[in-house]
Amino acid sequence: MSDALIRNFIIPLVQVLVVLGVAAGAVAYMTLVERKILAFMQLRLSPRRVGPHGLLQPIADGIKLLLKEDITPARADRALFTLAPIITVIPAFTALALIPFSGGGSFNIFGYPVSPWIADVNVGVVFLLAISSLGVYGIMLGGWASNSKYPLLGSLRSAAQMVSYEVPFGFSIIGVLMLSGTASMVGIVEAQQKAHLWYFVPQILGLFIFFVSGVAETNRLPFDLPEAEAELVAGFHTEYSGMKFALYMLAEYTSMIVVACIVTTLFFGGWLRPFPSVSALAWLNFGLDKLNPALPGFFWFFLKTFLVLFVYLWLRGTFPRYRYDQLMKLGWYWMIPLAIANVILTGGVLLLLRR
Amino acid sequence: MGMQAFLQKVLLLELWQGMWVTLKNQFRPHITVEYPRETVEFAPRFRGVPRLRKDPQTGEELCISCLLCEAICPTECISIVAEKRPDGKGKQLVSFTINYERCCFCGLCVDPCPTKPITAIYMSHDYEFAGYDRDAYVATREELVDGKPVKIYTR
Amino acid sequence: MFRTEMMDINMGPQHPSTHGVLRLKLVLDGETVNDTDVLIGYLHRGVEKLCETKNYHMIEPYTDRLDYVAAMYENLGYVETVEKLMGITVPERAEYIRVLTAELQRIASHLVWLGTHALDIGAMTVFFYCFREREIILDLFEAFCGARLTYNAYRIGGLPWDIPPGWIDRVRHFVKIFPGRQKEYETLLTKNRIWLGRTKGVGILKSEDAIDFGVTGPCLRASGVDYDIRRAHPYSVYDRFLFDIPTGENCDTYDRYLVRMEEMRQSLRILQQALDHLPAGGVMAKVPKRIKPPVGEVYHTVEGPRGELGFYIVSQGDDKPYRMRFRSPSFVNLQALPHMVKGALVADVVAVIGTLDIVLGDVDR
Ligand code: SF4
Ligand code: SF4
C-alpha cells in the first residue's frame with residue numbers, strides 16, 4: 001500500500017470510525033447522564049434497574065428502540081418520512097470532524113503521525129456553522145412528511161426558530177475570530193494559548209449569546225418549542241417510532257455535544273489545561289504529557305465539554321419554556337442586536353489596542 | 001426603573017437564583033423509594049384490601065353472619081351465604097366472598113361489623129395485585145381468613 | 001394565488017396537558033386560536049343517577065371520585081349537606097378536625113395545580129418539589145383515615161375516628177416547614193422572566209365575564225371579585241378564624257398564580273389557629289343507624305380549592321335520596337375557557353387549561 005493512500009485514506013477512515021464510535025457511545029451515555037442529573041435535581045432516583053446503578057440502561061434503551069415496530073403513517077410521504085431523520089443525523093455527525101479533541105502533539109502509530117482531530121480546515125468555524133444549519137431540513141421535512149397536524153406545527157416552529165437563531169449564532173463567533181485572527185478551530189485554541197487568555201473573558205457577551213442560540217439551535221429547554229411536549233405532544237417527531245425516532249434523538253444529542261465542543265474550543269481554550277503557561281500547575285497534566293503531549297488535552301477537553309453539557313441539563317431542570325412569539329422576539333430584539341454590538345465593541349477595542 | 005431593578009433585569013439575577021435552587025436540591029437526599037425492592041411504611045390505619053380475621057385468642061372465626069357489611073358495601077362486592085347453626089343459636093357462614101375487582105377500599109364495611117372488641121372484617125395492609133384473569137380477584141372465605149398476603153399472579 | 005385555510009386540530013382526549021380526558025377542538029389560524037370547542041363527557045359515570053340507588057352512607061365513597069384531587073372537600077360538602085338536611089349538630093372537635101384536614105387538602109390540591117401548571121409551561125422540576133410537600137400531607141391523611149386519595153374520611157354526624165396520636169405534632173411540623181418550601185417554588189417561578197412572559201396578560205377573564213360565566217374560586221378572586229364562601233356563607237367553624245381573601249387585579253394567569261400562592265399561606269394561618277384552639281371531646285354526634293332525612297330539599301356549598309362546590313339533595317323521607325345533584329366548580333369554570341383563549345396562541349391554551357385547574361372527574365361526574 002502506498003504511503004499516500006495510508007496517509008490520506010486509511011488514517012482518516014480510522015479516525016472517523018473512532019470518533020463515530022466514541023460519539024455514539026457518548027450520546028448513549030448522555031441520555032443516562034441527563035436522566036441522572038435531572039433526577040438528582042428533582043430528588044428522584046434515577047434509572048437503576050438495568051446493570052449496576054443503571055449503567056446498562058442506554059443499551060437497553062437502544063435495543064428497545066431497535067426492536068420496536070417501525071410505523072410509517074398510512075398517509076405519510078414514505079420516501080421523505082424515511083429520509084428526514086437521516087438528513088438530520090448526517091450534519092450532526094459531520095460537525096464532529098472539525099473538533100480538535102486535543103492538541104499540542106500527535107500520536108505516532110506504526111510510524112505515521114496521527115493528529116487528535118480528523119480535519120483542521122482553515123475555514124473550520126464557517127464550515128461548522130454551515131453544516132449545523134443543515135439539520136433543520138430534516139426536522140422540517142420530517143414534520144411535513146408525517147402529514148399530520150401536530151408535526152406540521154412543530155416543523156413550522158422549528159423552521160422559524162432555527163433560521164432566526166442562526167444569525168446570532170454566527171455573529172457571536174465573529175468576536176472570537178477577530179481576536180484570534182483565524183477561522184481554524186485548532187488555530188483558535190493555539191491563539192488562546194499564545195494570548196494567555198481564554199476567550200470567555202473578553203468575549204463573555206459573545207459566549208452568552210452563542211450558548212443561548214446554541215440551546216435554541218438544538219431545541220433544548222427553555223427553547224424546545226418544536227417538540228414542546230405540553231403543547232404539541234412531541235412536535236415534529238410525533239409520528240416517528242422505533243429506529244427513525246432514535247435517529248432524531250441521536251441527532252439532537254449529537255448536536256448538543258457539538259455545540260458544547262464548540263463552546264469549549266472557542267471560549268474555554270479547548271484542550272488547554274487551566275493556566276497553561278504557569279509551570280507550577282504542570283501537575284494538572286498528571287504526568288500524562290510525558291507519554292504523549294496530547295494526552296492530558298483529552299482529559300481537559302472532555303471535562304470542559306461535560307461541564308458545558310451540565311449547564312444544558314441544568315437549564316432544562318430549572319426553566320419554563322418560552323412561547324413561540326416570545327422566542328422570536330428574544331432572538332430578533334435582543335440576541336441579534338447584542339451580537340452585532342459585541343462585534344462592534346470587540347472591533348473597536350481591538351482597533352484602539354493596535355494603535 | 002430603579003438601579004436595583006435595572007441590574008436585576010440585565011444580570012438575569014432571578015434566573016441565577018432559580019438555578020441555585022435546583023443546584024442546591026441536587027445534593028439533598030432523594031425522596032422516592034425503589035419500589036419493589038424497598039417499600040414505604042404504612043400508617044396503622046392504612047386501608048388495603050378488606051379481609052376477615054379470626055379471634056387472636058381462640059382462633060375461631062369471628063364473623064357471625066349478620067350481613068351488615070354486605071348491606072352497606074356501596075359497590076356490592078361482598079356476598080355472604082349463611083345458614084342457621086345446627087344448635088339453633090344464630091347463624092354461621094357457608095361462604096363469604098369479596099370481589100376485589102369491584103371493591104373501592106372505602107372501609108365502610110368495617111364500620112357496622114358488630115363483633116367486639118375487634119371487627120371480623122378489617123382493612124388489611126395488603127395492596128399488591130396483579131393477575132391475568134378476573135376469577136383470581138374473587139377471594140373466597142378461605143383466602144380471606146388465612147392471613148397470607150394476597151398475591152394474585154397466575155398465568 | 002394563495003388561499004388560507006383554518007386548521008382544525010383536536011387537542012385531547014389523549015394529550016399530555018389536558019389534565020385527563022378533556023378534548024378541545026381548536027380552530028387555528030397558524031398558531032392563533034380562532035375558535036375553541038370544549039368537548040367533555042369522556043369520563044361521565046352517571047354518579048348523580050347512581051346516588052339515587054344508594055343509601056346516604058354509601059354515597060360518600062362516590063363523592064370521593066368526583067374531584068379526586070381534593071376528595072376531602074367532596075366528603076365535607078356531602079356530609080354537611082346531609083347534616084343540614086337532618087339538622088344534626090356536629091361535635092366541635094370534629095368540626096375542627098374537619099377544618100384541619102380540609103385546609104391541608106386545599107394546600108395539597110393547590111400543590112397539584114402548581115406542579116402540573118408549571119409542568120405544562122415547561123418547568124418540570126417544580127412539579128417534583130410540589131409533590132414532595134404533597135406527599136407529607138398525604139402521609140398525614142393516611143395516618144388519619146387510611147387512604148391517600150379517596151379518603152371517605154368523614155361520616156354523617158362527625159368522624160369515624162379521632163385523630164391518631166402524634167398527628168397534631170406532625171401537622172405543626174408541616175406548618176413550620178412549608179413556608180420555606182413554598183419560597184423555593186417562588187424562587188423558581190414568581191420573578192422568572194420566562195414565567196412572567198408565559199402567564200402575564202394570558203387568559204384574561206374580566207370580573208363581569210367571570211360573574212357571567214359563573215366562575216368561582218381562585219379564578220373569580222383573581223378577577224378582582226372578593227367572594228369566598230368561607231367568608232360569605234360560613235360553614236363549619238370558619239367564622240372563628242382570621243384569614244385574608246387574596247384577590248387579583250389584572251385578571252390574568254399570573255394573578256391567578258399569585259392568588260393561589262397566597263391562599264396556601266392563608267390556609268397555613270387557618271391551620272395554625274385550628275391547631276391552637278382544637279377542643280377536646282367526642283367526634284361523633286348521635287345519629288340513627290339508618291339515615292332517613294325528613295322530606296325536603298337542601299342546597300349547601302363549600303369553598304373547594306377550585307371554587308364553589310355545591311350539593312343539592314331532594315329527600316322523600318327514604319334512606320335514599322330522591323335526587324342528587326352536584327354543582328362542580330371545574331365544570332362551570334371550564335365554560336370560560338373558549339372566551340379566555342380567543343385570539344391567543346396554542347401555547348396559551350395549555351397555560352389557561354392549567355390555570356383553570358380543572359379535574360376531569362369533577363367536570364364529567
Ligand atoms: S371496602 Fe368498601 S367496597 Fe370494599 S368491600 Fe368494604 S364496603 Fe365494599
Ligand atoms: S359485618 Fe362483620 S360479623 Fe357481620 S357479616 Fe360482615 S364480617 Fe361478618
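For peptide C:10-17, compute the average count of partner chain beta-carbon atoms within 10 Å of each residue's beta-carbon.
That average works out to 3.
What's the exposure ranking of A:Lys304, B:Lys116, A:Lys36, C:Lys292, going from fewest to most Cβ atoms within 10 Å?
B:Lys116, C:Lys292, A:Lys36, A:Lys304
Mind sorting A:Met243, B:Met19, A:Met41 by how few other Cβ atoms lie within 10 Å of their own Cβ, fewest first? Show your work: numbers first, answer last.
On the way: A:Met243 15, B:Met19 19, A:Met41 25.
With the fewest neighbours first, A:Met243, B:Met19, A:Met41 line up as A:Met243, B:Met19, A:Met41.
Under 25 Å between C-alpha atoms is the cut-off here; go through chain B and count lysine pairs that meet it, provided they're at least eight residues apart or on different chains.
Pairs that pass both the separation and distance tests number 11.
Using a 10 Å cut-off on Cβ atoms, rank the peptides B:60-70, C:251-261, A:81-91, A:109-119 from the highest mean neighbour count down.
Working: B:60-70: 18.0, C:251-261: 24.1, A:81-91: 20.2, A:109-119: 15.0.
In descending order of packing, they fall as C:251-261, A:81-91, B:60-70, A:109-119.
Note the per residue figure in Å³ for the convex hull of the C-alpha positions in chain C.
About 133 Å³ per residue, rounded to a whole number.
Could you work out how far the C-alpha centroid of the range A:236-255 sits from that of the range A:292-355, in angstrom?
25 Å
Angle between the Cα long axis of helix B:13-25 and the longest principal axis of chain B, 0 to 90 degrees, nearest 10?
40 degrees
Mind checking B:64-77 for the average number of partner chain beta-carbons within 10 Å of each residue's beta-carbon?
Neighbouring Cβ atoms belonging to other protein chains average 2 per residue here.
Averaged over peptide A:309-317, how many Cβ atoms belonging to another chain are found within 10 Å of each residue's Cβ?
Whole-number average of other-chain Cβ neighbours for A:309-317 is 3.
Please find, in a Gaussian network model of chain C (springs between Cα atoms separated by less than 10 Å), the residue of C:Gly201, C:Gly354, C:Gly180 whose mean-square fluctuation is greatest.
C:Gly180
Order by neighbour count: C:Glu103, B:Glu143, fewest other Cβ atoms within 10 Å first, most last.
B:Glu143, C:Glu103
Is it possible to state the helix-based mean residue ellipticity at 222 nm for the protein assembly as shown, with each DSSP H run of 4+ residues giving -39500 (n - 2.57), the sum divided by total residues, to the nearest 500 deg cm²/dmol? What is it?
Working: 33 runs with 429 residues, N = 875.
So the helix-based figure for the protein assembly as shown works out to -15500 deg cm²/dmol.
Most fluctuating residue of C:Ala70, C:Ala280, C:Ala336 in a GNM of chain C with Cα springs under 10 Å: which is it?
C:Ala280
I'd like the Kirkwood hydrodynamic radius of the range C:114-159, using the inverse of the mean 1/r over distinct C-alpha pairs, in Å.
12.0 Å
Helix A:135-145 versus the longest principal axis of chain A: what angle, 0 to 90°, nearest 10, using Cα atoms?
Here the helix axis deviates by roughly 10 degrees.
Which of the lysines could a cross-linker bridge to A:Lys68, judged by Cα under 28 Å and excluding same-chain residues fewer than eight apart?
Cross-link targets: A:Lys36, A:Lys149, A:Lys244.
Rounding to the nearest 10 and keeping the result within 0 to 90°, find how far the Cα-based axis of helix C:124-145 lies from the longest principal axis of chain C.
10 degrees
All of the numbers you see were taken from the coordinates with simple rules; none came from a lab. Only a predicted model underlies this, so the values are computations on that prediction, with no experimental measurement involved. Please note: Cβ atoms are built from the backbone with ideal geometry, for glycine as well, and neighbour counts cover all protein chains shown.
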